[in-house]
1. Limited to segment 143-185, what total is found for residues that are over 22 Å from D101 (Cα atoms) and open to solvent by less than 40 Å² (accessible area, probe 1.4 Å)?
2. Would you confirm, using the coordinates I've provided, whether V34 is within 19 Å of the chain's Cα centre (by Cα) and in contact (Cβ under 8 Å) with a residue 60 or more places away in the chain?
3. Return the residues of segment 163-187 that are among the hydroxyl-bearing types (S, T, Y) and within 16 Å of ligand 1 (Cβ to nearest atom); say none if nothing qualifies.
4. Every residue in segment 21-42 that is open to solvent by less than 10 Å² (accessible area, probe 1.4 Å) and touching a Gly at 6+ places or on another chain (Cβ under 6 Å), please.
5. Are any residues in segment 48-75 under 15 Å from the mean Cα position of the chain (by Cα) and either under 22 Å from L185 (Cβ atoms) or open to solvent by 60 Å² or more (accessible area, probe 1.4 Å) (or both), and if so, which ones?
6. Can you tell me which residue in segment 1-13 is most open to solvent (accessible area, probe 1.4 Å), limited to those that are assigned to a strand (DSSP E or B) and touching a Pro at 6+ places or on another chain (Cβ under 7 Å)?
7. Taking the options A78, A16, name whichever one is farther than 25 Å from R186 by Cα and either open to solvent by 80 Å² or more (accessible area, probe 1.4 Å) or away from ligand 2 (no atom under 16 Å from the Cβ) (or both).
8. Could you please let me know if L129 is of a type outside the set (K, R), at pLDDT 90 or above, open to solvent by less than 30 Å² (accessible area, probe 1.4 Å) and in contact with a Lys or Arg (Cβ under 8 Å, 6 or more places away or on another chain)?
Amino acid sequence: MFLKGVRKSFPLPGGAPLVAVNDVDLSLDAGTAVALTGPSGSGKSTLLHLIGAIEKCDEGVIEVAGDRVTGLSGRSLAAYRRRIGFVFQRFHLLPALTALDNVMAPLIPFRVEFDKAARARELLAMVGLADRAAALPSRLSGGQQQRVAIARALINQPVLLLADEPTGSLDSHTGTDIVDLLLRLRDEHGTTLIIATHDADIAARCDRAVHMRDGCLTSLD
Ligand SMILES: Nc1ncnc2c1ncn2[C@@H]1O[C@H](COP(=O)(O)OP(=O)(O)OP(=O)(O)O)[C@@H](O)[C@H]1O
Ligand SMILES: [Mg+2]
C-alpha cells in the first residue's frame, strides 16, 4: 500500500485552517507491522481515519491492496471499508450486545456464505475469550473489551488492520498481551498492521516505526 501527497485540514473558526495531515508519503509492504508515533495532536488519528476512509483527503492518493481508496465512492467505498479493520482507542463496543453479537455486528447487514456466529466464536476463541461470548461489555475488563474489539475488526478477514492506540487505556501487562495478539495476526494471516501508539516499547516491537510531527511524517528506520 502507499500514500502519496496526502493532506487533510480542518476549518478553524475565524482563522486559517488547521493542517492536521500535511503532504504525507508512505509506502508499506503487505504484512508489515508499523508503529505510528508522535505527540498528541500530531495527526496520527486523522491519518488512520484517512487510510480507513472514515474521512476524506483534501489532496493526495491512498492505495491499499489494489484499491485506489481516494477515488472510491458509494458501493465500492463500502466494499473497501469491509476489507479493512479498525480498532478504536476506546473500544466502541455496543453496550446492549453480547461479546459474540458485537463481533458479528459488522456482518449483520450482509448475506455471507459462511456461518457468522461460528466465525465470531472462532475469533473470540483466538483472542482468548471463548468462555465470555455471552457477556455484555460492562461485565468485561478493559483488556477483554479491547480483545472483543479486535475480534470484531477481524470478522471480515481484513488485509489491513488500523489500530488507534489500542493499548492506550490499558495497564502495561494487558497492553503487551494485545500487541502480542496483533503481531500474531500479522504472522499467521499476513495482515498489514498500522498501530498508532505513544508507547516506545510497542514501537520497538513493530517492523518499522514512523513518526508524526505537526502533520508531517518522518520515518525512523
Ligand atoms: N474533526 C476535527 N475538527 C477539527 N480539528 C480536528 C478534527 N480532528 C482532529 N483535529 C485536529 O487535528 C490535529 C490532529 O489531531 P489527531 O487527532 O489526528 O492527533 P493525534 O496525533 O491522534 O493526537 P492524540 O495522540 O492526542 O490522539 C489536532 O490539532 C486536532 O485538534
Ligand atoms: Mg489520536
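The values are calculated or read from the model by the stated rules, or taken from the named source; none is laboratory data. Computed from a prediction, not measured in an experiment: that's the story for all the values here. Positions of Cβ are generated from backbone atoms using ideal geometry, with glycine treated the same way; all protein chains shown enter the neighbour counts. Areas reflect the complete protein model, heavy atoms only, side chains present, ligands, DNA and RNA absent. Shrake-Rupley method; radii C 1.70, N 1.55, O 1.52, S 1.80 Å.
1. So the answer is 9.
2. Yes, satisfied.
3. T167, S169
4. Once the filter is applied, which keeps residues that are open to solvent by less than 10 Å² (accessible area, probe 1.4 Å) and touching a Gly at 6+ places or on another chain (Cβ under 6 Å), segment 21-42 yields only V21.
5. L48, H49, I51, G52, A53, I54, V64
6. This residue is F10.
7. After applying the criteria, what remains is A16.
8. yes
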